[in-house]
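Beneath this line is the structure, given in structure tokens, with notes to follow.
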Amino acid sequence: MKETEKRLPNLTFDHAELLARVDNDRELLHDLLAIFKHEFPQLLKALRQAVESGDGKLVAVAAHTLKGMLLNLAAGQAAAAVDRLEQLGRSGETAGFQDALAAFERDATSLLPQLDACMAEVH
Amino acid sequence: MRILIADDEVMSRRLLQKTLERAGYEVTAVENGRLAADQLCPADGPRLALLDWVMPELDGPGVCREVRKRTEQSYVYMVLLTSKESKQDVVAGLESGADDYLTKPFDPEELKARLRTGLRILDLEDRLVEAREKMRFQATHDGLTTLWNSGVIVDLLGRELARSWREHVSTSILMCDLDHFKSVNDTFGHLAGDEVLKETAKRLLASVRSYDFVGRYGGEEFLVVLNNCNPAYALARAEEIRKAIAQKPVPSSSGPVPITMSLGLLMSQEWGYRPVEELLQQADAALYAAKAAGRNCVRVASPKISSADSDSQPQEHIRLRR
């Protein structure tokens with residue numbers, strides 16, 4: 001198991017950890033969620049295009065950015081899934097791209113409603 | 001304390017900025033490594049930096065390398081932010097010049113604690129620089145008057161003379177000596193004598209331009225170097241200095257002390273290329289002439305009369321200077 005995987009908790013979204021990370025600042029939390037909501041569709045699109053192109057470097061860069069955002073939001077499961085894509089991109093293992101992307105999209109699909117709910121709560 | 005955050009990811013930037021502003025930092029946030037280096041490299045840039053490892057234009061280690069190329073400016077304490085955790089990556093990051101690293105996502109308390117470590121290092125640097133500057137000042141200045149000390153004022157004179165020869169302008173040397181200073185010490189005490197020396201230094205500094213040099217040459221003897229000045233100006237300046245010294249007694253802990261000063265003036269243009277030591281001797285001879293003329297006056301060292309003056313008896317010279 002890679003070191004990065006070891007520290008990514010296998011949780012869709014850890015609300016308590018997220019609150020601790022923003023020092024219980026609900027305004028900041030709302031800002032972060034709004035940024036994510038705005039950025040995520042474009043970043044996902046860039047990741048998909050990178051996977052389609054089969055360019056490992058592009059996949060790694062796009063996946064890295066998404067991973068950073070997801071880690072900041074304490075979304076461990078989706079972060080672990082996109083980290084897998086980043087590693088594949090770095091090692092140039094193009095054969096695994098599509099499966100890893102599909103796994104990430106599944107995690108992201110279950111994460112998004114939870115983030116929306118959280119945003120509504122802190123609004 | 002100012003801190004720079006460099007991260008291409010907007011959410012991390014926002015999170016870091018808010019966390020650090022709450023902790024009392026004055027935050028500047030940029031989105032790539034090139035902008036970070038541009039902010040950190042100038043002398044007045046922030047001295048604390050949090051740098052994302054992976055950034056467009058220039059990555060975090062690249063920023064560290066650019067900042068470490070500077071040698072004269074203050075130290076910048078840099079922390080790399082990374083999701084890279086392998087030993088190889090950490091070693092590469094630290095070898096690029098980073099002081100520390102922090103893995104993402106960061107814990108706010110750990111972030112603040114690590115920055116406090118940085119602040120301690122910067123504080124230590126400030127104190128070391130302050131101590132070095134103090135020692136440099138002590139090595140170049142007279143402890144009592146805070147004027148340039150004898151070694152430095154002669155060096156400065158040498159440099160000015162070389163420049164004036166090169167540029168065909170005149171540098172003037174004023175060898176100044178307080179009259180009857182021994183009797184000041186004898187009559188008013190050494191404490192009052194020190195007060196007189198300090199006040200004399202103040203009056204000398206107030207009588208010259210900001211780019212002229214004033215040094216304590218010996219006990220009650222001062223050397224003034226007037227840069228790039230014509231003979232008429234030098235003579236007028238010497239006379240003004242004499243008046244400034246004599247105009248009113250120096251207030252001291254033992255009461256007001258009346259003082260006067262004798263001055264020997266030498267204008268380099270009249271002497272051509274001569275060694276510094278020789279010109280100092282000639283200025284000293286002019287000072288001796290001023291003493292012999294009754295003190296509290298200015299005498300000019302002229303190449304024509306210098307040989308006659310230099311034949312004077314050394315013991316008489318010393319006696320008159322006291």
- Message: Can you report the number of residues in the stretch B:180-202 which are closer than 23 Å to B:GLU160 by Cα and buried (at least 19 other Cβ atoms within 10 Å of the Cβ)?
- Response: 1
- Task: Give me a count of the residues in the stretch A:92-123 that are β-branched (Val, Ile, Thr) and under 13 Å from A:THR12 (Cβ atoms).
- Result: 1
- Message: Consider the stretch B:5-30. How many of its residues are more than 14 Å from every other protein chain (Cβ to nearest Cβ) and acidic (Asp, Glu)?
- Response: 1
- Query: Can you find even one residue in the stretch B:118-134 that is among the β-branched types (Val, Ile, Thr), over 30 Å from B:ALA232 (Cα atoms) and out of contact with any Phe, Trp or Tyr (no Cβ under 7 Å at 6 or more places or on another chain)?
  - Reply: yes
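Every residue, every condition in (1) in contact (Cβ under 8 Å) with a residue 12 or more places away in the chain; (2) surrounded by fewer than 16 Cβ atoms within 10 Å (Cβ to Cβ), yes or no:
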site: B:LEU235; (1), (2): yes, no
site: B:GLU240; (1), (2): yes, yes
site: B:LYS243; (1), (2): no, yes
site: B:LYS248; (1), (2): no, yes
site: B:LEU263; (1), (2): yes, no
site: B:LEU266; (1), (2): yes, no
site: B:GLU277; (1), (2): no, yes
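Name the one entry in B:GLU110, B:GLU66, B:GLU125 that is part of a helix (DSSP H, G or I), buried (at least 18 other Cβ atoms within 10 Å of the Cβ) and among the acidic types (Asp, Glu).
Every option except B:GLU66 fails the conditions.
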- Restricting the stretch A:15-26 to residues that are within 11 Å of chain B (Cβ to nearest Cβ) and in contact (Cβ under 8 Å) with a residue 40 or more places away in the chain, the residue that is surrounded by the fewest Cβ atoms within 10 Å (Cβ to Cβ): A:GLU17
- Message: Any residue in the stretch A:30-47 that is over 12 Å from A:HIS123 (Cβ atoms) and within 11 Å of another protein chain (Cβ to nearest Cβ) sitting within a Cβ distance under 6 Å of a residue that is among the charged types (D, E, K, R) and surrounded by fewer than 17 Cβ atoms within 10 Å (Cβ to Cβ)? List the pairs, counting only those 6 or more apart or interchain.
- Response: none
- Query: In the stretch B:86-107, what residues are at pLDDT below 90, hydrophobic (A, V, I, L, M, F, W, C) and in a loop (DSSP other than H, G, I, E, B)?
  - Reply: B:PHE106
- Message: Can you list the strands (runs of 3 or more DSSP E) lying wholly within the stretch B:147-262 that have 2 or more residues being outside the structural domain of B:GLU277 (by TED's automatic domain parsing) and not hydroxyl-bearing (Ser, Thr, Tyr)?
- Response: none
- Picking from A:HIS38, A:HIS30, A:HIS64, which residue would you name as being touching a His at 6+ places or on another chain (Cβ under 7 Å) and within 22 Å of B:VAL10 (Cβ to Cβ)? A:HIS30
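The values are calculated or read from the model by the stated rules, or taken from the named source; none is laboratory data. What you see is a predicted model; the values in this text were computed from it and never measured. A quick note on method: Cβ atoms are made from the backbone with ideal geometry, for glycine too, and the neighbour counts reach across all protein chains shown.
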